[in-house]
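The values are calculated or read from the model by the stated rules, or taken from the named source; none is laboratory data. None of the values given here were measured: they were computed from a predicted structure. We place every Cβ from the backbone using ideal geometry, glycine too, and count neighbours over all the protein chains shown. With ligands, DNA and RNA removed, areas are computed over all heavy atoms of the protein, side chains included. Shrake-Rupley method; radii C 1.70, N 1.55, O 1.52, S 1.80 Å.
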Amino acid sequence: GAAEPLAQLMPAVYMIEQIHVVANVSRYGLPEVQTALEALMKAGRVALEWQEKLGPVNKKLDEMGYPSPTGGFCYAPFDFLGDTLRGTKGIIMDMYRQPDKLLEALERSTPIMIKWGTSSRLGSCPMITIPLHKGADGFMSDEQFEKFYWPTLLRVIEGLAEEGLMTRLFAEGGYNTRLEAIRDDLPKGKTIWHFDFTDMARAKEIIGDAACLMGNVPASLLQAGTVEETTAYCKQLIQTAGKDGGYILATGVGISRTAKVENVRAMIDAAKKYGVYS
């Protein structure tokens, strides 16, 4: 709500015409617009203060041998359009009503995403995180995934790899029907697939020789399970997804603040106990 008055500003493109300059700039003099700008400036100061505090902490963790799991961020081109410019309803309709325009928009968005991922990198971590929002099982057909979603996402992965960066793909939801589609073209050793509800045994079988796997410990297990259940689940994951290496034990979607501390410790202990090569 604090930024709502900014809707009164004229589009910046009008600045190219001299006659519109005064009309455009004058709106920055409106009291409500100035209040909104002051709110953004205050938020900017707080955010900068937070970054200045966090920077030395991350540096210290790097020096201690605990690197950040991500060094930057960008989107899959389909999600970039569907989450923002077109909206979920809009991009679903686009696949049917104007597929050629959608494909062109995806192509034009691809280099933007590569540049975004490269320029967003912070610190020494070479990992760019891409949350996959709309490519999950059930959102679109396999044919639509292979036509609209995967080709441009793959080019983003390849583009980041050419810049010396790896990609962590946070596959929200299930990706059980997508594994075969991504297997054939996946650049070997350039990606970490962080799975939420995907069958990890099948993922290991299909893409385990080309990518590192991560995740799949349910947040609900840490929230409502027992220490014994948590230990058993993590042990099974390590023995399945971690066979011969290439697996990072982690939750599918983070850890709730109300998760049982003893279960979180059980997950850590399981990694230490069973995450060894023999």
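Test of understanding: among THR110, THR118, which residue is surrounded by fewer than 19 Cβ atoms within 10 Å (Cβ to Cβ) and over 17 Å from THR88 (Cα atoms)? Outline the logic, then answer.
On the way: THR110 fails: surrounded by fewer than 19 Cβ atoms within 10 Å (Cβ to Cβ).
Of THR110, THR118, the one residue that is surrounded by fewer than 19 Cβ atoms within 10 Å (Cβ to Cβ) and over 17 Å from THR88 (Cα atoms) is THR118.
Condition check for TYR66 on (1) more than 26 Å from TRP116 (Cβ to Cβ); (2) of a type in the set (Ser, Thr, Tyr); (3) surrounded by 12 or more Cβ atoms within 10 Å (Cβ to Cβ): one failure, at (3).
Taking the stated definitions as given, is GLN223 open to solvent by 10 Å² or more (accessible area, probe 1.4 Å), free of Cβ contacts under 8 Å to residues at least 12 places away in the same chain and farther than 24 Å from GLU104 by Cα? Criteria not met by GLN223. Pick from the stretch 235-272 the residues that are farther than 28 Å from ALA210 by Cβ and of a type in the set (Lys, Arg): which of them is nearest to the chain's Cα centre (by Cα)? Only one residue fits best here, namely ARG257. Check the stretch 254-268 and report whether any residue there is open to solvent by less than 90 Å² (accessible area, probe 1.4 Å), farther than 19 Å from ASP199 by Cβ, outside any strand (DSSP E or B) and free of Cβ contacts under 8 Å to residues at least 24 places away in the same chain. Yes, the conditions are met somewhere in the stretch 254-268.
Could you please let me know if GLU143 is over 14 Å from the mean Cα position of the chain (by Cα), modelled with pLDDT of 95 or more, more than 20 Å from PRO69 (Cα to Cα) and surrounded by fewer than 19 Cβ atoms within 10 Å (Cβ to Cβ)? Here the answer is yes, as GLU143 does meet what is asked. Remark: PHE170 matches the filter, which requires a residue to be aromatic (Phe, Trp, Tyr) and in a strand (DSSP E or B). Tally the residues that are in contact (Cβ under 8 Å) with a residue 12 or more places away in the chain and either open to solvent by less than 20 Å² (accessible area, probe 1.4 Å) or touching a strand residue (DSSP E or B) at 6+ places or on another chain (Cβ under 7 Å) (or both), restricting the search to the stretch 84-93. Residues that pass the stated criteria total 1. Of all the listed residues (GLU158, GLU172), the sole one being modelled with pLDDT under 95 and either in contact with a His (Cβ under 7 Å, 6 or more places away or on another chain) or under 24 Å from GLY245 (Cα atoms) (or both) is GLU172. You will find that of LEU48, LEU103, LEU81, the residue that is buried (at least 20 other Cβ atoms within 10 Å of the Cβ) and at pLDDT 90 or above is LEU81 and no other.
May I ask you to verify whether GLU38 is of a type in the set (D, E, K, R), exposed (fewer than 11 other Cβ atoms within 10 Å of the Cβ) and over 27 Å from PRO126 (Cβ atoms)? I'd like the intermediate steps shown before the answer.
On the way: of a type in the set (D, E, K, R): yes; exposed (fewer than 11 other Cβ atoms within 10 Å of the Cβ): no; over 27 Å from PRO126 (Cβ atoms): yes.
Judged against the criteria, GLU38 is not a match.
In this entry, TYR149 passes the filter for residues that are open to solvent by less than 60 Å² (accessible area, probe 1.4 Å), part of a helix (DSSP H, G or I) and among the hydroxyl-bearing types (Ser, Thr, Tyr).
Filtered by the rule that a residue be farther than 26 Å from LEU132 by Cα and surrounded by 11 or more Cβ atoms within 10 Å (Cβ to Cβ), the stretch 52-63 gives LEU54, GLY55, LYS59, LEU61, ASP62.
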